[in-house]
Amino acid sequence: MADFATVRKFDSHVHVNVADSAFLEQAAADNFEILSINVDYPTFPSVSDQAAVAHHFTRIDPQRFHYAATFSMKGFGDAGWAPAAKASLDSEFRQGAVAVKVWKNIGMVERDAEGQLIFIDDAGLNPVFSHLAALNIPLIAHQGEPRNCWLPLDQMTTENDRLYFSNHPEYHMYLHPEMPSYESLMARRDAMVAAHPDLRVVGAHMASLEWSVDEAAKFLDAHPNAVVELAARMAQIQYQSVRDHAKVRDFFIRYQDRILYGTDLTLNPGEDAEGFRKVAHDYWLKDWTYLATAERQRVDDIDADAVGLALPRSVIDKIYYSNAKREFFASRNS
């Protein structure tokens, strides 16, 4: 635990959506660099507003603050959509963006002119993905929801998922059999990754395979161009380690070069920025306790005590720092 303050760390998945310095101040206090991810998410500020915040912090603290751009699906299918999307992204790269995010709206929300859902392996997206591959820019891909979303409430593995989907039945896919299955979304994601072997892919939220380190291992074995990050899925991993600690620890050691640390910590306009600093510090400290030590801590989301993985120092250094620096800054060195 004494190493937490001094070890270099990189949070590969946060959302800094307001030009308030509190997030960066806490990152500095806890020795983190951060990757703020812009996303076309209805409850976030507009993509342009998110970009303006990213440009602001890139100018004032480029050593600690980094960001991922995104693109709009508006007009998808029109002849001019792909050139416009590429031009928009190129503008963001010139302003410092080091990655691009695609969100679960592709596959679950966005529809074409005929009203059919647009999936991540749609050929219309290929020009953008090929452009990223040519520039050696990684694609952060969030496809689907946690697998719990397709299960009845009483079969879900974490309390946070149970609470969220009980309060938001419109998003609980178990109740909406007309929507794509979890398996079909994962298959389409895998098809996209396989179709673009030169594209570096970061599977957000454990590549939506958070429920099984065995399945995550299969994904990484099948796709050498992919890595995964841990944002907002630690409870699902802890659920597994409570049942088979050795298997989960072995997964992290075996794939130590393919795993990035991330949290999904978010600061939006109007929120308590100073209060957020304590939330962020506590979140980062709990994850460090689990990954870097053998300490036991209570995890309310799984109603159990989880013993830390006590990963070797060399593995911690990769997961917490060097893997992210390799993935997100390779284009600058190529």
Any residue at all in segment 89-104 that is open to solvent by 10 Å² or more (accessible area, probe 1.4 Å) and over 30 Å from Glu25 (Cβ atoms)?
yes
Considering segment 275-299, residues that are aliphatic (A, V, I, L, M) and farther than 14 Å from Leu230 by Cα, and then whichever is nearest to the chain's Cα centre (by Cα), we arrive at Ala280
Candidates Ile60, Ile106 - the one that is of a type in the set (Val, Ile, Thr) and over 23 Å from the mean Cα position of the chain (by Cα):
Ile60
Whether any residue in segment 290-298 is touching a Gly at 6+ places or on another chain (Cβ under 7 Å), of a type in the set (Gly, Ala, Ser) and farther than 26 Å from Phe23 by Cα is what I want to check.
yes
Give the residues of segment 132-160 that are touching a residue at least 40 places away in the same chain (Cβ under 8 Å), surrounded by 16 or more Cβ atoms within 10 Å (Cβ to Cβ), hydrophobic (A, V, I, L, M, F, W, C) and assigned to a helix (DSSP H, G or I), sorted by residue number.
Leu132, Ala133
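For segment 163-181, check the following and say yes or no: at least one residue is open to solvent by less than 10 Å² (accessible area, probe 1.4 Å), more than 21 Å from Val109 (Cα to Cα) and at pLDDT 95 or above.
Within segment 163-181, none of the residues are open to solvent by less than 10 Å² (accessible area, probe 1.4 Å), more than 21 Å from Val109 (Cα to Cα) and at pLDDT 95 or above.
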Go through the residues of segment 46-54 one by one and say whether even a single one is touching a Leu at 6+ places or on another chain (Cβ under 8 Å), of a type in the set (A, V, I, L, M) and buried (at least 17 other Cβ atoms within 10 Å of the Cβ).
no
Only listed residue being over 22 Å from Lys325 (Cα atoms) and touching a residue at least 60 places away in the same chain (Cβ under 8 Å), chosen from Leu267, Leu260:
Leu267
I'm trying to understand the selection: among the residues of segment 168-179, which are in a loop (DSSP other than H, G, I, E, B) and more than 21 Å from the chain's Cα centre (by Cα)?
His168, His176, Pro177, Glu178, Met179
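Being among the hydrophobic types (A, V, I, L, M, F, W, C) and either under 28 Å from Ser184 (Cα atoms) or open to solvent by 40 Å² or more (accessible area, probe 1.4 Å) (or both): is that true of Ala79 here? Show your work before the answer.
Working: among the hydrophobic types (A, V, I, L, M, F, W, C): yes; either under 28 Å from Ser184 (Cα atoms) or open to solvent by 40 Å² or more (accessible area, probe 1.4 Å) (or both): yes.
It is true that Ala79 is among the hydrophobic types (A, V, I, L, M, F, W, C) and either under 28 Å from Ser184 (Cα atoms) or open to solvent by 40 Å² or more (accessible area, probe 1.4 Å) (or both).
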Given the conditions (1) out of contact with any strand residue (DSSP E or B) (no Cβ under 7 Å at 6 or more places or on another chain); (2) in contact (Cβ under 8 Å) with a residue 12 or more places away in the chain; (3) not polar (S, T, N, Q), every one holds for Val193 apart from (1)
In this structure, is Arg326 surrounded by 17 or more Cβ atoms within 10 Å (Cβ to Cβ) and under 22 Å from the mean Cα position of the chain (by Cα)?
no
Under 8 Å between Cβ atoms, which residue pairs at least 6 apart in sequence (or on different chains) link something in segment 212-240 that is over 15 Å from Phe251 (Cα atoms) with a partner that is in a helix (DSSP H, G or I) and acidic (Asp, Glu)?
Ala222/Asp190; His223/Asp190; Ala235/Asp301
Tell me which residues, restricted to segment 295-334, are at pLDDT below 95 and among the hydrophobic types (A, V, I, L, M, F, W, C).
Ala330
Phe129 is checked against (1) closer than 18 Å to Ala79 by Cα; (2) open to solvent by less than 60 Å² (accessible area, probe 1.4 Å); (3) free of Cβ contacts under 8 Å to residues at least 60 places away in the same chain; (4) not polar (S, T, N, Q) and fails just one. What number does that condition carry?
(3)
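I'd like the full set of residues that are open to solvent by 10 Å² or more (accessible area, probe 1.4 Å) and without any contact (Cβ under 8 Å) to a residue 60 or more places away in the chain, limited to segment 196-208. Reasoning before the result, please.
Just the residues of segment 196-208 that are open to solvent by 10 Å² or more (accessible area, probe 1.4 Å), to begin with: 196-198, 200.
If the condition is that a residue be open to solvent by 10 Å² or more (accessible area, probe 1.4 Å) and without any contact (Cβ under 8 Å) to a residue 60 or more places away in the chain, then Pro197 is the only one that fits.
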May I ask you to verify whether Arg249 is closer than 21 Å to Asp161 by Cα, among the basic types (Lys, Arg) and at pLDDT 95 or above?
no
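The values are calculated or read from the model by the stated rules, or taken from the named source; none is laboratory data. Given the structure is predicted, the values throughout are model-derived calculations rather than measurements. Cβ coordinates were reconstructed from backbone atoms using ideal geometry, including for glycine residues, and neighbour counts include every protein chain displayed. Side chains are part of the model used for accessible areas, which takes the heavy atoms of the whole protein and leaves out ligands, DNA and RNA. Shrake-Rupley method; radii C 1.70, N 1.55, O 1.52, S 1.80 Å.
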